[in-house]
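This report concerns only the one structure given below.
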Amino acid sequence: MATKTAMPINIGIQESDRAAIAEGLSRLLADTYTLYLKTHNFHWNVTGPMFQTLHMMFEEQYTELSTAVDEIAERIRALGFPAPGSYSEYAKLTSIKEAEGVPTAEEMIRQLVEGQEAVVRTAREVFPAAERASDEPTADLLTQRMHLHEKTAWMLRSLLEQ
């Protein structure tokens, strides 16, 4: 449901299209936040011979994800809809599983590769709605997110190669 505003939103995108895009972006926000939380958790709890490398890498990744969460939420708001912002909403919307216990460093990397790729898939699912509505700002945001998450998945996956 669109937020009540003092003035109607007239940005050249129909409300139904804005609603569809906002719904998809809400799922992207939930995936991004869930991946942020998982990455931060792994940053705190990683151990082993690659500790320093992974600790620093995970910090860079969760810091970037924190910025992304804000950008995605602000785009939802610009489209005229409330951004989800609670754990319970994210749990319903995300496609990323929570980590159970404290995995090994190698398992952390595997789970983060899966999480990065899940975010890419969600962004890709939203893209057609943005394209149909000629919503270039959302398409640009989605393109940037896909590029970054694909690159991060590749870098993480490279750590697992023998």
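Suppose we keep only residues that are under 18 Å from Val119 (Cα atoms) and of a type in the set (Asp, Glu) within segment 77-106. Which one would you say is modelled with the lowest pLDDT?
Glu98
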- Pairs, please: C-beta under 7 Å, at least 6 apart or cross-chain, first residue within 15 Å of Met155 (Cα to Cα) and in segment 41-59, second assigned to a loop (DSSP other than H, G, I, E, B)? Leu54/Val46; His55/Val46; Phe58/Val46
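For (1) among the aromatic types (Phe, Trp, Tyr); (2) touching a residue at least 60 places away in the same chain (Cβ under 8 Å); (3) in a helix (DSSP H, G or I); (4) in contact with a Leu (Cβ under 7 Å, 6 or more places away or on another chain), each residue gets a yes or a no:
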site	(1), (2), (3), (4)
Ile109	no, no, yes, yes
Glu114	no, no, yes, no
Glu117	no, no, yes, no
Val126	no, yes, yes, yes
Ala130	no, yes, yes, yes
Pro137	no, yes, yes, no
Met146	no, no, yes, no
Glu150	no, no, yes, no
Gln162	no, no, no, no
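Kindly indicate whether any position in segment 98-119 is closer than 15 Å to Leu25 by Cα, among the β-branched types (Val, Ile, Thr) and crowded, with 17+ Cβ neighbours inside 10 Å.
Our first condition is that a residue be closer than 15 Å to Leu25 by Cα; within segment 98-119, this holds for 118-119.
Those still in the list that are among the β-branched types (Val, Ile, Thr) too: 119.
Going one step further and asking which of them are crowded, with 17+ Cβ neighbours inside 10 Å, we end up with 119.
Yes, segment 98-119 contains a residue that is closer than 15 Å to Leu25 by Cα, among the β-branched types (Val, Ile, Thr) and crowded, with 17+ Cβ neighbours inside 10 Å.
Tell me, yes or no, whether segment 124-146 has at least one residue that is crowded, with 19+ Cβ neighbours inside 10 Å, under 17 Å from the mean Cα position of the chain (by Cα), farther than 23 Å from Arg18 by Cα and modelled with pLDDT of 95 or more. Let's see the steps before the verdict.
Kept after step one, since they are crowded, with 19+ Cβ neighbours inside 10 Å, are these residues of segment 124-146: 126, 129-130, 133, 135, 138, 141-142, 145.
Then drop every residue that is not under 17 Å from the mean Cα position of the chain (by Cα), which leaves 126, 130, 138, 141-142, 145.
Those still in the list that are farther than 23 Å from Arg18 by Cα too: none.
No, that holds for no residue.
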- Run down Thr67, Thr63, Thr39 and say which single residue is over 23 Å from Pro128 (Cα atoms) and exposed (fewer than 13 other Cβ atoms within 10 Å of the Cβ). Thr67
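The values are calculated or read from the model by the stated rules, or taken from the named source; none is laboratory data. What you see is a predicted model; the values in this text were computed from it and never measured. Neighbour counts run over all protein chains shown; Cβ positions are idealised from the backbone, glycine included.
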